Amino acid sequence: MISEKLQTDALHFLDQVVSDARSEALKSAKEEFDKQKAQMQADFDRQIEAEREASYAAGLAAAGQQEPAPTENLVFSDGADYTIREARLVASFSYSRKFASTKWGTIVLPIALDYEDWASRFELAEIADVTVGSSISTVRQVLGPGSQTIPGHPYQIRAKVANSTKPQAITKRNCKVFPAEPGYIAIGKGGKTYRFCGTYTTMSVTDLKGKYYASNGSFVPAKSICKPMRVYLEISE
């Protein structure tokens, strides 16, 4: 006959198993919810921009006007802050950076790019998940033919050919530049939130205290500045 103590211990053990299973299920559900929320936000941003473009075009048509051809050329080299506060059309936007290796880095731009704008020289990827070890690695979804980026959205970038002496440029003609308000991606993992944030201005060591930046293909504790047009990581409970 099973003793009363053994029965009590067995019930406690079963309660613990159920509790652990419930906690793990809730954690997995939260992580999946955070991923879906980030994707829904990206889809919403695309929809809002499409609606703005359609409304603007409809207003011009109703007034019997044509949009004037832009003449402004914006050229940004690595390290230059982007501080434009109002959206406007430009004849061209160019951003150049030296890529010393073909490892994954980060990028955030105030314009929308089509696949053809980057595919010959770079790969771009969405940050889909994180893997936590001695450093923090990302799970990437590489953008393929037909893709378009979202202005202000954090991405990862990899040069197909490294060149430490000559900058490589991303250029877009006849495009709209958006205000200096970069976005972020939030990913839930293991009870923590990993928030990948874009920056258009240089961040000092003080600004980056307790944060991470990209180095050699992963994210590590920040020990120096973070240049503009890049992405840093902050982690919260």
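What FRET efficiency do you get for E234 and A100 if R0 is 30 Å and r is their Cβ-Cβ distance, rounded to the nearest 0.05? Numbers along the way, then the final one.
Working: r = 26 Å, r/R0 = 0.86.
It comes out at approximately 0.70.
Counting other beta carbons within 10 Å of each Cβ, put V177, V231, V139 in order, fewest first. Please report the intermediate quantities before stating the final value.
Values: V177 22, V231 26, V139 12.
Fewest-to-most ranking of V177, V231, V139: V139, V177, V231.
Beyond 25 Å, what percent of the Cα pairs of segment 73-236 remain?
Details: 3609 of 13366 pairs.
So the pairs more than 25 Å apart make up 27 percent of the total in segment 73-236.
How high is the relative contact order of segment 169-237, in percent, with contacts defined as C-alpha pairs under 8 Å that are six or more residues apart? Write down the numbers at each step before the final one.
Working: 110 pairs, mean separation 22.4, N = 69.
Once divided by the residue count of segment 169-237, the mean separation gives 33 percent.
When a footprinting reagent is the concern and you count Cβ atoms within 10 Å, what order do L143, L109 take, fewest first?
On the way: L143 19, L109 25.
If I rank by nearby Cβ atoms, fewest first, I get L143, L109.
For segment 64-120, run through the trypsin sites (Lys or Arg not before Pro) and keep only the ones in DSSP coil with at most 10 other Cβ atoms within 10 Å of their Cβ.
Working: sites: R85, R88, R97, K98, K103; in loops: R85, K103.
Qualifying residues, ordered by number: R85.
As a footprinting exposure proxy, order H153, H12 by other Cβ within 10 Å, with the fewest listed first. Each step should come with its number before you reach the end.
Values: H153 23, H12 10.
Ranked by crowding around the Cβ, least crowded first: H12, H153.
Per residue of segment 183-190, in order, report the coupling 6.51 cos²θ - 1.76 cosθ + 1.60 (Karplus, θ = phi - 60°) as ³J(HN,Hα) in whole Hz, putting x for Gly and Pro.
Going residue by residue, I get x, 8, 10, 10, 10, x, 7, x Hz, with x marking Gly and Pro.
Which trypsin sites (Lys or Arg not before Pro) in segment 115-210 pass both tests, a DSSP loop state and at most 11 other beta-carbon atoms within 10 Å? Could the numbers behind the result be given before it?
Values: sites: R121, R140, R158, K160, K172, R173, K176, K189, K192, R195, K209; in loops: R121, K160, K209.
Answer in residue order: K209.
Of K160/K209; K189/K209; K189/K227, which pairs sit farther than 24 Å apart, going by alpha carbon to alpha carbon? Numbers along the way, then the final one.
On the way: K160/K209 32 Å; K189/K209 21 Å; K189/K227 27 Å.
K160/K209; K189/K227, as the Cα separations exceed 24 Å there.
For G183, which sequence-distant residues (separation of 5 or more, or a different chain) have an amide H within less than 5 Å of its own amide H, given hydrogens modelled in the peptide plane?
Those qualifying (amide H under 5 Å, at least 5 residues apart or on another chain) are H153, G198.
If each of K209 and V142 carries a label point 7 Å out from its Cα toward its Cβ, how far apart are those two points in nm?
4.1
Modelled label-to-label distance, R173 and A69, 7 Å Cα→beta-carbon offset: nm?
1.1
Loop only per DSSP, at most 10 neighbouring Cβ atoms within 10 Å: give me the GluC sites (Glu not before Pro) in segment 73-141, ordered by residue number. Provide the component values of the computation, followed by the final result.
Working: sites: E86, E116, E123, E126; in loops: E86.
Answer in residue order: E86.
N163 to A58: FRET efficiency via 1/(1 + (r/R0)^6), r the Cβ-Cβ distance, R0 41 Å, to the nearest 0.05? Before the final figure, lay out the partial values.
Numbers: r = 45 Å, r/R0 = 1.09.
So the FRET efficiency works out to roughly 0.35.
Every number here is computed from the coordinates shown, using simple stated rules; none is lab data. Nothing here was measured: the structure is a model prediction, and the numbers come from that model. Cβ: placed from backbone, ideal geometry, glycine included. Neighbour counts: every protein chain shown.
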